[in-house]
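Enquirer: Below is one structure. I have some questions about it.
Every read-out reported here was derived from the displayed coordinates using simple, explicitly stated rules and does not represent laboratory data. Please read all numbers here as calculations on a predicted model, not as lab measurements. Reconstructed Cβ throughout: ideal geometry from the backbone, glycine too, with neighbour counts over all protein chains shown.
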Amino acid sequence: MKLHIRDIKHLFIKSNDLADDLLFDSSGINTDSRTFKGNEIFLALEGDKYDGNNFIDDILKQKPLFFITNKEQDCTARYAVVESGKKFLIELSKLILKKLSLTKVAITGSNGKTTTKDLIVHFLKNKFNDDTVLFTRGNYNNEIGLPLSILQSQGTEKFAVFEIGTNHPGEIIHLADIIRPNISIITNIGDAHIGNFGSKEKIAEEKKQIFHFLKTNEFKIINKDDEYFQILNQSPGKTFCISNNSDNLDVLSFKYCGLNIIELAYQSQSIRIKFQLTGQHNLQNFAMACAALINMGIDFQDLEKYFGNFESTNGRFKKYIFKENVELIDDSYNSNPSSLISAIDHINQSEKNKILIIGDMGELGELTDQYHRQIIEKISKTKINVVLTMGEAFKAAINRIDGNAILNLSTHEDLLDKALPAIKKDTIILVKASRFMGFENIVSQLKRQLQ
């Protein structure tokens, strides 16, 4: 968004050589010295393990438009001093949202946030124009990433769709305060980051803070079938439900009809939509997206018109098909017990030769051993032909159960050496692990070998 210095001057403690009428673009604010280009604005963020102020000398060599810091500077360049780089970023993002006339959607949940967000954004861009939608970029869903996404505004948007994540208590309400959404969604309550919360009930209590700022006529969207529905529903806002098991006409019901067709029913209307996503869990994500669109004023019958060419984001249950009917599902972006169980159920339903490649799940705290044992026990009862694991938690959990040989290997190369010879005609391969395991590299190697 185009702004003048006078618009943000109240956020400065002091400034040097910054005229009130100096025009700049908020999308030109860069916090990463590695990608900084001349004539951008450098914002020096300070953190526990880094301090952007250490790179100001290097930035000055590239001739920034100006820079923003929390420390006094002895230089003649244009700059501003603020109390905190992070606080400035948050306040600037709030200012930008106030200048826009937007319908704002906020999404959280243990699984499915990004896919739900991507579906809504895809629909809106196809029905309207690219420049009418402001949205979370990549995985920018925390207290730094969310404001940076907002700063990308061009000032033309009519809709905003943001996902917000949390890995510790108290985070959601601060992110919701930045957005002040008109529609809030909780996709589900699972066990992601449970080690930082202690229980799923506490995760539910944290997640429902996304509803805190809703007005009485603004919508909260919840899955009526969720185990924690009652906890989530005890919050501000007007409830709008989805369900896979309801005859209530005011509930958006959904069911899978086979052949990648999903049926939606709402207020005596029903439609069938070609469903491009892989996995039963994505039915719920799709229904959540449609519920949001209905409450954004989209006609129910229009829902079948604009999803046709949607594709999953890399690493999020994205399917690739190769010669001889070999199917690779890339779910390498992250993993937690509930999403991994869903992935195992999906591959186990296939009639193909089945190869499962999984890595450790993170942030489970004292429950790490328990959850990894549960996964191994579940796998032992499936018909999956080859199971390859990596990581210390799975190593501790593995033994031979009912004749199922589940291997634990030390490196990506070892996993590939075992997986590649097992691939034959009519094979499905699923790759999934927590982010720190770096399993996107395994996916890249498999794609290269299979092409």
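Enquirer: What span do the alpha-carbon atoms of segment 110-178 cover on each of the three principal axes, reported in whole Å from largest to smallest?
Expert: 37, 25, 17
Enquirer: Can you check how the C-alpha radius of gyration of segment 100-304 compares to 2.2 N^0.38 Å, as a plain ratio?
Expert: Taking N as the residue count of segment 100-304, the ratio is 0.96.
Enquirer: What is the Cα coordinate range of the chain on the first, second and third principal axes, sorted by size from largest, in whole angstrom?
Expert: Principal axes ranked by extent give 73, 55, 43 Å for the Cα atoms.
Enquirer: Here's a follow-up. With just the Cα atoms defining each centre, how far is segment 248-327 from segment 42-106? Give it in Å.
Expert: Measuring centre to centre over Cα atoms gives 40 Å.
Enquirer: Taking 2.2 N^0.38 Å as the expected size of a compact globular protein, what ratio does the Cα radius of gyration of segment 1-138 give against it, to two decimals? Show your work: numbers first, answer last.
Expert: Details: Rg = 17.2 Å, N = 138, 2.2 N^0.38 = 14.3 Å.
Here the Cα radius of gyration is 1.20 times the empirical estimate.
Enquirer: Any aspartates and glutamates with Cα under 18 Å of the LYS125 Cα? List them, leaving off those in the same chain fewer than 8 positions away.
Expert: LYS125 reaches GLU157, GLU163, ASP299, ASP302, GLU304, GLU311.
Enquirer: A follow-up question, please. Could you list CYS241, CYS75 so that the one with the fewest beta carbons within 10 Å of its beta carbon is first and the one with the most is last?
Expert: Details: CYS241 20, CYS75 11.
Lowest to highest Cβ neighbour count: CYS75, CYS241.
Enquirer: Can I ask one more? If you average the sequence gap of Cα pairs under 8 Å that are 6 or more apart and divide by the length of the chain, what percent do you get for the contact order?
Expert: In percent, rounded to a whole number, it is 11.
Enquirer: What does the charge dipole of segment 100-304 about its Cα centre add up to, to the nearest 20 debye, if the Cβ of each Lys and Arg holds +1 and the Cβ of each Asp and Glu holds -1?
Expert: Approximately 160 debye in magnitude.
Enquirer: Oh, and also: Only helices at least 20 Å long along their axis, Cα-based, and averaging -1.0 or more on Kyte-Doolittle count here, so list those DSSP H runs from the chain.
Expert: 85-99, 113-127, 281-295
Enquirer: Remind me, relative contact order of segment 101-200 in percent, using alpha carbon pairs under 8 angstrom and six or more residues apart?
Expert: Dividing the mean separation by the residue count of segment 101-200 yields 44 percent.
Enquirer: Here is a further query. How large is the helix-only mean residue ellipticity at 222 nm for the chain, computed as the sum of -39500 (n - 2.57) over DSSP H runs with n ≥ 4, divided by its residue count, in deg cm²/dmol to the nearest 500?
Expert: -9000 deg cm²/dmol
Enquirer: OK, next. Using Cβ counts within 10 Å as a stand-in for footprinting exposure, how do HIS10, HIS372, HIS174, HIS122 rank, fewest first?
Expert: Ranking HIS10, HIS372, HIS174, HIS122 by Cβ neighbours within 10 Å, fewest first, gives HIS10, HIS174, HIS122, HIS372.
Enquirer: Would you report the distance distribution of C-alpha pairs in segment 1-67 as whole percents per 10 angstrom bin, up to the bin with the largest distance?
Expert: The distribution over segment 1-67 is 19, 51, 28, 1, given as percents.
Enquirer: Relative contact order (percent) for segment 288-356, with alpha-carbon contacts under 8 angstrom and 6 or more residues of separation?
Expert: Reported as a whole number, the value is 17 percent.
Enquirer: Give me the base-10 log of I(q)/I(0) for segment 167-262 at each q in 0.17, 0.20, 0.25 Å⁻¹, Debye formula, one uniform scatterer per Cα, rounded to two decimals.
Expert: -0.78, -0.98, -1.26
Enquirer: Can you report the principal axis dimensions of segment 326-451 using only the alpha carbons, biggest first, rounded to whole angstrom?
Expert: Per principal axis, max minus min of the Cα coordinates gives 42, 30, 23 Å.
Enquirer: Roughly how big is segment 2-83's charge dipole about its Cα centre, with Cβ charges of +1 (Lys, Arg) and -1 (Asp, Glu), in debye to the nearest 20?
Expert: In debye, rounded to 20, segment 2-83 gives about 220.
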